Amino acid sequence: MTGKELIKLVEVYEVKDYTTRGPSDQKREYTVRELYVNPAHIICMREDLKMQESHVHGALPASMDKRMQFTKISIMRGHVGIDVTVVGSPVFIQEQLNRRTGLIKG
């Protein structure tokens, strides 16, 4: 692997809408977008149970299956890491990464 091969995942992120609600009554809402990740920079993956709970309570798009699972991945970004939530179980995400790169072994 050259380190330039990116893997496409689906990220779940919070929609910030400060124009229609005050801070006290702001309901968390989420949507999805494509995310491209360098697998060599992934340092940790874990199931995101909070996102699953939010989905069951209607915070994610209604078109998404309520049985959907989510994974929080930690990505190194220089001296600092970032955490993102993606669609799919940790096992599914690992399989996607292995299929395309052969890099992550569990």
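With M76, M51, M45 as the choices, which residue is modelled with pLDDT of 85 or more, touching a His at 6+ places or on another chain (Cβ under 6 Å) and not in a loop (DSSP other than H, G, I, E, B)? Even if it seems obvious, please write down each step before you answer.
Working: M51 fails: touching a His at 6+ places or on another chain (Cβ under 6 Å); M45 fails: touching a His at 6+ places or on another chain (Cβ under 6 Å).
Exactly one residue qualifies, and that residue is M76.
Out of (1) under 23 Å from V15 (Cβ atoms); (2) touching a helix residue (DSSP H, G or I) at 6+ places or on another chain (Cβ under 6 Å); (3) at pLDDT below 95, what's the single condition that is false for G106?
(1)
Report whether or not T31 is polar (S, T, N, Q), surrounded by 15 or more Cβ atoms within 10 Å (Cβ to Cβ) and not in a helix (DSSP H, G or I). Don't jump to the end; show me each part of the working.
Details: polar (S, T, N, Q): yes; surrounded by 15 or more Cβ atoms within 10 Å (Cβ to Cβ): no; not in a helix (DSSP H, G or I): yes.
Here the answer is no, as T31 does not meet what is asked.
Quick one: in the range 70-80, of everything that is farther than 21 Å from V15 by Cβ and surrounded by 14 or more Cβ atoms within 10 Å (Cβ to Cβ), which residue is farthest from the chain's Cα centre (by Cα)?
In this case the residue turns out to be M76.
For residues in the range 81-100 being under 17 Å from E14 (Cβ atoms) and of a type in the set (A, V, I, L, M), which is nearest to the chain's Cα centre (by Cα)?
Looking only at the range 81-100, we keep the residues that are under 17 Å from E14 (Cβ atoms), and these are 82-87.
Okay, now just the ones that are also of a type in the set (A, V, I, L, M), so 82, 84, 86-87.
Numbers: I82: 11, V84: 5, V86: 2, V87: 6 Å.
My answer is V86.
Can you name every residue in the range 78-99 that is over 20 Å from H55 (Cβ atoms) and of a type in the set (D, E, K, R)?
Residues satisfying the conditions are E95, R99.
Any idea which residue in the range 42-54 is nearest to V15 (Cα to Cα), counting only those that are free of Cβ contacts under 8 Å to residues at least 40 places away in the same chain and within 13 Å of the chain's Cα centre (by Cα)? I'd like the intermediate steps shown before the answer.
Initially, the range 42-54 is screened for residues free of Cβ contacts under 8 Å to residues at least 40 places away in the same chain, giving 43-44, 48-54.
Imposing the further condition that a residue be within 13 Å of the chain's Cα centre (by Cα) reduces the set to 44, 48-52.
Working: C44: 25, D48: 18, L49: 19, K50: 16, M51: 14, Q52: 16 Å.
The selected residue is M51.
Restricting to the range 54-73, name every residue that is in contact with an Asp or Glu (Cβ under 7 Å, 6 or more places away or on another chain), modelled with pLDDT under 95 and outside any loop (DSSP other than H, G, I, E, B).
none
The values are calculated or read from the model by the stated rules, or taken from the named source; none is laboratory data. Remember, predicted model here, so these are calculated numbers, not experimental data. Neighbour counts are summed over all protein chains in view; Cβ atoms, including those assigned to glycine, are modelled from backbone coordinates with ideal geometry.
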